[in-house]
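Only one structure is covered here, and it is reproduced in the block below.
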Amino acid sequence: MIPRSLPRLVLFLAGCLIGAACLPAARAEQLPAIDPARNPAGALAADLGPLWECLSGARETFAVEGTVGIGGSGKPMKVAIKLERFDAHAYDLEVTHDDYALVLRRRADATALALPKHKIVHIGRGATDSADHLDPAGIGARLVSSATQVSLATPLLLQPSPASLTGLLVGLLGVKHDSSDERYERGDGWLDFDDAGRRISANAENVELDLTVGEPGECLAVDDFPGYEVSEVPRDEIERTLCRGVRRALEIALPGAELTAPAATARAVPHGKLEWAEGLRVVTLHGSPEEIGKAHGELLAVEANRCVDSVLHVVGTVETIRGGTWFRKKLDDAAARLAPHIPKRHLRETEALAASLHLDPRLVAVVNVFPELFHCSGFAVSGTATTDGTLYHGRVLDYMTEIGLQDAAAAFVVAPEGQIPFVTIGYAGFIGSVSGMNAQGISLGEMGGRGEGQWDGVPMATLMRRAMEECTTLDEVMKLWTDSPRTCEYYYVFADGKTRQSVGVAATPERIEFVKPGEGHELLGTGIPDSVVLSAGDRLLCLRERVKEQFGKIDEEAAIHLMDRPVAMKSNLHNVLFVPEKLILHVAHASHKKPAAECPSVRLDLAKLLEEVPGARGAATLPAAEAKAAAVPGAVLRGVDTLAIGEEAKDDARTCLDGLCWDTGAFDVAIEKGEGNNGDLRVRFPSPLPAGPDCNRDVWMEWYQARDAEGEVCRGPACVVVHESGSGMTVGRIIARGLSAHGVHALMVQMPYYGARRPKEGKAGAEMLVPAVRQAVADVRRARDATAALPLIDASRIAVQGTSLGGFVTATVAGLDEGYDKVFILLAGGDLVGVLEKGKKDAEKVREKLAESGMTEAQIKETLHAIEPTRLAHRYRPDRTWIFSGKYDDVVPLAHCQLLADAGNLPPDHHVQMEANHYSGIIFLPMVMARIAGEIHGRTPAPAPPATTAR
């Protein structure tokens, strides 16, 4: 564990480093003497002037030297400091404590961190990280984030004059000048100045301060540390570690609202989503290792970076100062020895996570072995110990709350491709497990022991995850531990809800021992029937006493309270109660002020959570090779309608929906040979609203399969493409081929009376236009579910794209429900009647044909109203819908596209206005397709076509 004085030392470093900086400012004017009795704020500002010149950056060279004493409930800490700034880039910072000491020496081309207690100096030369470095200019902004309360005071502290601050202190906080003591006071606190403000003494809130401002001494060479062992460390690593460590330490010690009351904003990305349950992040992930890692990073980028900062930079700084050895080197050594024992699928997931976070994969890998370096209580009760025999498995994690891991806490519900789905209570950026349960009712909890450095085996957190992914019985879990090379000393409780069996485990690299319920052990005491109880010292005695006192009366609520303090320590990071036979768990995480045992628990139902995870309820997703083999002509698959209209308060929209829906059910999806160059394969399924000749009663899709960088067919997301009005469906096919090249399975659906659905006598008459569009809407919505049934398709990422006539169909489909993941509407809009009245060329032709059919103007308006997209546009998901329009389009005028965008509440950047008309827009198709593919993949989208976004 980290000594409590060290984190306070890191916090103190923050103030010193900010003082070494800051933003360039004009030199404060020398103020005339001010009578503090008449103008206390002005007098205080004048007294603070010399120190403020240093803090504001008005003085490029200075020295501040003195002592700071910090009292409080723990052991008082007294620190001697000396800060000397020599020029715009060079400074020395010396911090000395009875137990710890450091010298940070920074020059323009090198940085050294010397540790006098260990006679070691870590030196780095050359360039620094462009974002996280210790150059004085602007250092305050790099060390103080918006997630700390300090950020509220930063604007005041970076002013060229202290007048704003002193006005606040006097006017709002009531600081007064005491003429008898010649000092400033508030309550029991006081602030005193000597030597025209060059010496400052203060005492307030258990902090004593005595500082002197002067001139710096000699600027020594960066490596001038005689008799010290020299350790070469990359300079960017040294400065990044200190910069991010100090920034994170400020967030932990003085958290702002971002951390104490985070916005419970739900998000979704391909292969994952983030939801909130009573303040607890619940993250669902599914797919291949790469897909899971990528989604993890996309959903929890901020939290994962905080976790990395806590582990690598806060702990890294503290451990380096305490032990002398550069902490990253220790982690690198651990990672190198552990890596051969980690499954390749976990390594691939870690690499994808790192790429998603834009971090060095080696850094994320070493952070993931962190639990091996620092070493709780656990129990399982069942049978006669509980009210009805139910097995309850409790897990208490006492683990370094002082490094702020609770800011990255989450429950991860994971359905890995080909593995057993599971839930793990963990932290953003960490893919292993220390507390978890799988869908087979296997639950596991770990308790650390000794043996740091025994790293030639499977990491504990990896074994825990493997057990959840691979094991269906308690015997399988025990065999996994017995047969695997192990690290360090760990204790565990394993349980199986199916059989209501449990076991305690003591494991080292050399031996493993299992303790069954009711068995005694020299370390645990005499056995308690139907109980496994693990802990140490007084906590063990308390836990045993609680179990015995409540024996036979333990239910879910009582089991949760078995983990109350003092069984849980002050460092209690999280508590979990598993009810594995019901797949229920209760989770409590520590806050910034309370241990987990004193925070409310959240009840999660793993079975219900898995219902919403693709592939988690049934058989595991087919591996890519098998899926490719299954996508062959002659295959017949089963599709199921997932149309879910839901509630609708608007009467007009409800009427529109009633006219577009159908009786849902299961249907066959057949794969057939492709025709010529029009797709690799064809897909056929029955129309949900069959009409017209027999050839129109089945829906045909041309399947342009996704290709990887080598041109090979691969697994991936899909997009249903709805073509334009031209009989050759040319634009639809161009888009489908383009998306295929971008790694998206494109399935161009042939609308009624097009392609294979056209009768021999030719096109349908104008009177069939509206019925055909209504049928097309139903066909395109069912196309989503037919696509989901196909091999190689990622069913969680199926988009729809439509152009011109197909765009109007797509615009209506998007209002039915949330079936499609994302929607892309090209050259289409709202107010069909207005388009036919005002539009030219294609719109004129349709208008003429409708008139020739004998339909009156009133009849035309009535029939078009049945398929009007704006009636349902309020049901769009604005963040998942895009409209691409032509600024000079005279077929579907821009105003009609804007009307649909407004009706759908689309953000301005989701309505892309191309510098084109209805036909010249084809020259922008490559960029449009790249944008669509980027959005479908969840990548940073490609540049939009030359355009303006709606204003």
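The values are calculated or read from the model by the stated rules, or taken from the named source; none is laboratory data. Computed from a predicted model, the values in this text were never measured in an experiment. Because the Cβ atoms are built from the backbone with ideal geometry, glycine has one as well, and the counts that use them run over all protein chains shown. Surface areas here come from the heavy atoms of the whole protein model, side chains and all, with no ligands, DNA or RNA. Shrake-Rupley method; radii C 1.70, N 1.55, O 1.52, S 1.80 Å.
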Screening Val503, Val533, Val547 for residues that are within 13 Å of Gly378 (Cα to Cα) and in contact with a Ser or Thr (Cβ under 7 Å, 6 or more places away or on another chain) leaves only Val547
In the set Asp109, Asp47, Asp92, Asp98, the lone residue that is more than 30 Å from Asp35 (Cα to Cα) and crowded, with 21+ Cβ neighbours inside 10 Å is Asp92
Taking first residues from segment 336-360 that are under 11 Å from Gly297 (Cβ atoms) and second residues anywhere that are among the small types (Gly, Ala, Ser) and open to solvent by 30 Å² or more (accessible area, probe 1.4 Å), the pairs with Cβ under 7 Å that are 6 or more apart or on different chains are Thr350/Ala365; Leu357/Ala301
Of the residues in segment 660-675, those that are surrounded by 12 or more Cβ atoms within 10 Å (Cβ to Cβ) and closer than 20 Å to Val809 by Cα number 4
Worksheet entry | Condition check for Glu446: part of a helix (DSSP H, G or I) and either over 18 Å from Leu285 (Cβ atoms) or touching a Lys or Arg at 6+ places or on another chain (Cβ under 8 Å) (or both) | no
When segment 805-826 is checked residue by residue, the ones that are in a loop (DSSP other than H, G, I, E, B) and open to solvent by less than 10 Å² (accessible area, probe 1.4 Å) are Gly815, Leu816
Given the conditions (1) open to solvent by less than 70 Å² (accessible area, probe 1.4 Å); (2) at pLDDT 85 or above, every one holds for Thr621 apart from (2)
Okay, helices (runs of 4 or more DSSP H) sitting entirely in segment 241-359 with 2 or more residues that are buried (at least 21 other Cβ atoms within 10 Å of the Cβ) and under 11 Å from the mean Cα position of the chain (by Cα), I get 289-299, 301-308, 344-357
Matching residues in segment 787-817 (among the acidic types (Asp, Glu) and on the phi > 0 side of the Ramachandran plot) number 0
Cβ pairs under 7 Å, 6+ apart or interchain, first in segment 600-612 and more than 18 Å from Gly272 (Cα to Cα), second among the acidic types (Asp, Glu), ordered by first then second residue, are Val602/Glu278
Among the residues of segment 899-933, the number that are in contact with a strand residue (DSSP E or B) (Cβ under 7 Å, 6 or more places away or on another chain), closer than 21 Å to Leu836 by Cβ and either part of a helix (DSSP H, G or I) or among the charged types (D, E, K, R) (or both) is 3
When restricted to Arg758, Arg797, Arg715, Arg782, the only residue out of contact with any strand residue (DSSP E or B) (no Cβ under 9 Å at 6 or more places or on another chain) and more than 16 Å from Gly679 (Cβ to Cβ) is Arg758
*asked:* touching a Leu at 6+ places or on another chain (Cβ under 8 Å), over 27 Å from Pro255 (Cα atoms) and aliphatic (A, V, I, L, M): is that true of Ala114 in this structure?
replied: yes
Within segment 634-657, the residues that are hydroxyl-bearing (Ser, Thr, Tyr) and under 39 Å from the mean Cα position of the chain (by Cα) are Thr642
By residue number, the members of segment 704-751 that are under 28 Å from the mean Cα position of the chain (by Cα) and open to solvent by less than 40 Å² (accessible area, probe 1.4 Å) are Ala706, Cys714, Gly716, Pro717, Ala718, Cys719, Leu739, Gly743, Val744, His745
Going through (1) in a strand (DSSP E or B); (2) modelled with pLDDT of 85 or more one by one, Leu637 fails only at (2)
Among helices (runs of 4 or more DSSP H) entirely inside segment 527-615, those with 1 or more residues being touching a helix residue (DSSP H, G or I) at 6+ places or on another chain (Cβ under 9 Å), open to solvent by 20 Å² or more (accessible area, probe 1.4 Å) and basic (Lys, Arg) are 537-549
